[in-house]
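Q: Here it is: the structure, laid out below.
Coordinate-derived values only; no laboratory data. What you are looking at is a predicted structure, and each value in this text was computed from that prediction instead of being measured. Here Cβ is always computed from backbone atoms with ideal geometry, including for glycine, and neighbour counts include all displayed protein chains.
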Amino acid sequence: MIEGLHEGNKTIDESKQGEATLLDSTKGGNKKLYLESYGCQMNFSDSEVVASILSKEGYETVSQSSEADVVLLNTCSIRDNAEQRVRTRLKQFKNAKKERPNLVVGVLGCMAERLKKKLLDQEKLVDLVAGPDAYRDLPGLISEVEGGQKAVNVLLSREETYADISPVRLDKNGVTAFISIMRGCDNMCSFCVVPFTRGRERSRDPQSIVQEAKELHDNGYREVTLLGQNVDSYRWNMSSKGRIKDESKPTVNFAELLEMVAQVAPDLRIRFSTSHPKDMTDDVLHAMAKYDNICKYIHLPVQSGNTEMLKKMNRGYSREWYLNRIEAIHRIIPDCAISTDIITGFCGETDEQHNDTISLMKEVKYDFAYMFRYSERPRTVAERKFEDDVPDEIKKARLQEVIQLQQQHSAESNKRQLGKTFEVLIEGVSKKSDADLCGRNTHNTMIVFPKGDHKKGQYVKVKVNDCTSATLLGEVVEEEKVLTTA
Ligand code: 5AD
Ligand code: SF4
């Protein structure tokens, strides 16, 4: 897991899915906005909504905070260290304000929602606080600050999906994009702060999702990732405004939505995240199998391999249920990559229970995993009801064991790909060398290969002839095959 922050590039990976970035894609305004995102892909996607809302007010985004009139940090609360990193950053901006007193500094996202006015009153670090459902109010909030007040809006909504807002694409590759399909989470996993910071689950109108995918394709994009905290519980009906109100009306579920998006264009790849083992139906797997342009990769967080722990985590499935879902994936999509999330040292976890996680990993052999030690979060069921009683050294030792095992499995998974040929969507120049290009295969593995005459946005067939721990290396054997749907 890469953690850290690089100004000018802004990569801040809190969980995995997360990168932070902000780049100058809006032009022509006279006010300058610097936006930094932490945490999950959803935050990244939300920042694009924020950039869009503020571009209508004349803000252009800039890639250096020193140039900005307004600095907004889109934050993550998932683990304590994610919040600490943001606090350190906010202190830097507080110092910057000594020299630039008119600089507006705001906190968005999960920390804004969790800490609310505390960020203004107790910590006195910022001028503005806006929760994940309050971004339409940002122009008003910034005006309040410019008028000399502190501003806060942390109201959560049951209906806001920002469906009508066309995100400003901050990631400059111009090939891959996120589409947010739902917001919030109703699951209440006992360790997780997300239901408190992002509110109730609501789904976005499928027509607006399809429209966004079409527009992206028209603009040269060739891959979309459908985002939601639990995409399998996506559900829309005509009366719903994002929440089901009339069961008698026709409904669109996630499997149907996947098909609708897959039909937008045969050369538009579809990915999605995150699936929930308790809700992932065979219909979703059949939809994936039916369309060549739906990537054969599923992120299916298990969290623990022990049924008792899973119950305490309120995950809604047992070890056996989970393994049955893995079996269904292999049966319906024979060559599908699978990744997971694992937490070590959750409340009361014994050595035997930890060993169940190890044995499950050995059974599933994940291609990739994101692994964390448990971090107690305020207001969660675990914080209120259970004791955070696994000593930190044990949490860390278990995490180390899990990481080492996964490294072995990932290396084996990469070695199995040697000699195979994959269709790769070129995303750009390789980070390490200008002479190489890179892109991912259907399994979400990055493949690096010599540039030749190939260009970003093209599909090429690459034969893999070597690998590093996280990347496959190869060479192009055939160019520009357009994907076909079934
Ligand atoms: N402590 C550690 N990891 C957590 N996650 C969520 N909440 C916590 C927590 N309190 C992990 C889970 C989830 C991923 C996004 O973050 O594994 O799937
Ligand atoms: Fe958190 Fe569980 Fe919802 Fe994921 S499904 S966001 S882990 S509560």
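Q: Sequence-distant or interchain residues sharing an amide H contact under 5 Å with TYR297, placed H: which?
A: ALA337
Q: Principal axis extents for the stretch 19-153, Cα atoms only, whole Å, descending order, please.
A: For the stretch 19-153, the Cα spread along each principal axis is 39, 32, 24 Å.
Q: Would you please give the FRET efficiency between ASN30 and ASP436, computed as 1/(1 + (r/R0)^6) with r the Cβ-Cβ distance and R0 = 41 Å, to the nearest 0.05?
A: That pair, ASN30 with ASP436, gives E of 0.55.
Q: Can you tell me how much longer the chain between ASP351 and ASN219 gets when fully stretched, taken as 0.36 nm per residue apart minus their C-alpha distance, in nm with one decimal?
A: Contour length minus Cα-Cα distance gives 42.3 nm.
Q: With the contact rule set at Cα under 8 Å and sequence spacing of 6 or more, what percent relative contact order holds for the chain?
A: 10 percent
Q: Can you give me the C-alpha center-to-center distance between the stretch 333-361 and the stretch 89-135, rounded to a whole angstrom?
A: 37 Å
Q: Sequence-distant or interchain residues sharing an amide H contact under 5 Å with LEU35, placed H: which?
A: VAL62, LEU72
Q: Can you list, bin by bin at 5 Å, the percent of alpha carbon pairs in the stretch 420-476, starting at 0?
A: 5, 23, 39, 25, 7, 0
Q: What's the Cα-based Rg to Rh of the stretch 119-261, Rh via Kirkwood? Each step should come with its number before you reach the end.
A: Values: Rg = 17.4 Å, Rh = 17.0 Å.
Ratio of gyration radius to Kirkwood radius for the stretch 119-261: 1.02.
Q: With 10 angstrom as the radius, rank THR350, THR380 by how many other C-beta atoms surround their C-beta, starting from the fewest.
A: Working: THR350 12, THR380 20.
Fewest-to-most ranking of THR350, THR380: THR350, THR380.
Q: Any idea what % of Cα-Cα pairs in the chain are farther than 30 Å? Could the numbers behind the result be given before it?
A: Numbers: 55803 of 117855 pairs.
The answer is 47 percent, as a whole percent.
Q: Moving on to the next point. For the pair GLU363 and GLN64, how long in nm is the line joining their label points, each one 7 Å along Cα→Cβ?
A: 5.6 nm
Q: Sticking with this one: Order these peptides, 204-217, 381-394, by their mean beta-carbon neighbour count within 10 angstrom, highest first. Spell out each step's value before the answer.
A: On the way: 204-217: 18.4, 381-394: 13.7.
Ranked from most to least packed, the peptides come out as 204-217, 381-394.
Q: I've got another one for you. Return the long-range amide H neighbours of VAL129 (sequence gap of 5 or more, or a different chain), with a cut-off of under 5 Å between placed amide H atoms.
A: Sorted by chain and number, the residues that satisfy this are VAL107, ALA151, VAL152, ASN153.
Q: Next up: Fewest first, what order do TRP321, TRP236 take by the number of other Cβ atoms within 10 Å?
A: Sorted ascending by nearby Cβ count, the order is TRP321, TRP236.
Q: Based only on the alpha carbon positions, what is the Kirkwood hydrodynamic radius of the stretch 145-228, in angstrom?
A: Taking the inverse mean of 1/r over all distinct Cα pairs, the stretch 145-228 comes out at 15.0 Å.
Q: What share of the DSSP beta bridges in the stretch 341-461 is antiparallel, in percent to the nearest 5?
A: Values: 12 of 16 bridges.
If we restrict to bridges inside the stretch 341-461, about 75 percent are antiparallel.
Q: From the backbone phi of the stretch 428-443, what are the Karplus-calculated ³J(HN,Hα) couplings (6.51 cos²θ - 1.76 cosθ + 1.60, θ = phi - 60°) in whole Hz, Gly and Pro given as x?
A: For the stretch 428-443, the Karplus curve yields x, 6, 4, 4, 7, 8, 5, 7, 10, 10, 9, x, 9, 8, 4, 7 Hz.
Q: Quick one: net charge around GLU256, please, counting Lys, Arg +1 and Asp, Glu -1 for every other residue with C-beta under 15 Å from its C-beta.
A: On the way: positive: ARG204, ARG235, LYS249, LYS290; negative: ASP205, ASP232, GLU259, ASP279, ASP282, ASP283.
Net of charged neighbours comes to -2.
Q: Moving to a separate point now. Between beta-carbons, use under 12 Å as the cut-off and find the net charge around LYS117, counting Lys and Arg +1, Asp and Glu -1.
A: So the environment of LYS117 carries a net charge of +2.
Q: Hey, for a label at GLU383 modelled as a point 7 Å past Cα toward Cβ, could you say which residues of the stretch 56-95 have their backbone N under 15 Å away?
A: The answer is 76-84.
Q: Next question, about the same structure. Given 10 Å bins starting at zero, what is the percent of C-alpha pairs of the stretch 350-486 in each, up to the one with the largest pair distance?
A: Whole-percent P(r) values from 0 Å outward: 11, 31, 23, 18, 14, 4, 0.
Q: May I have the extent of the alpha carbons of the stretch 183-304 along their three principal axes, as whole Å values ordered from largest to smallest?
A: In descending order, the Cα extents are 40, 36, 27 Å.
Q: Stokes-Einstein diffusion coefficient for the stretch 176-416 at 25 °C in a medium of 0.890 mPa s, Rh from the Kirkwood formula over Cα pairs: what value in µm²/s?
A: Once the numbers are plugged in, D ends up at 129 µm²/s.
Q: I've got another one for you. Return the FRET efficiency for the residue pair LEU418, LYS118: r is the Cβ-Cβ distance, R0 is 56 Å, and the value is rounded to the nearest 0.05.
A: Between LEU418 and LYS118 the formula returns 0.60.
Q: Still on this structure: So, R0 is 41 Å and r is the distance between the beta-carbons of ASP80 and MET260; what FRET efficiency does that work out to, to 0.05?
A: On the way: r = 40 Å, r/R0 = 0.97.
Taking R0 as 41 Å, the efficiency between ASP80 and MET260 is 0.55.
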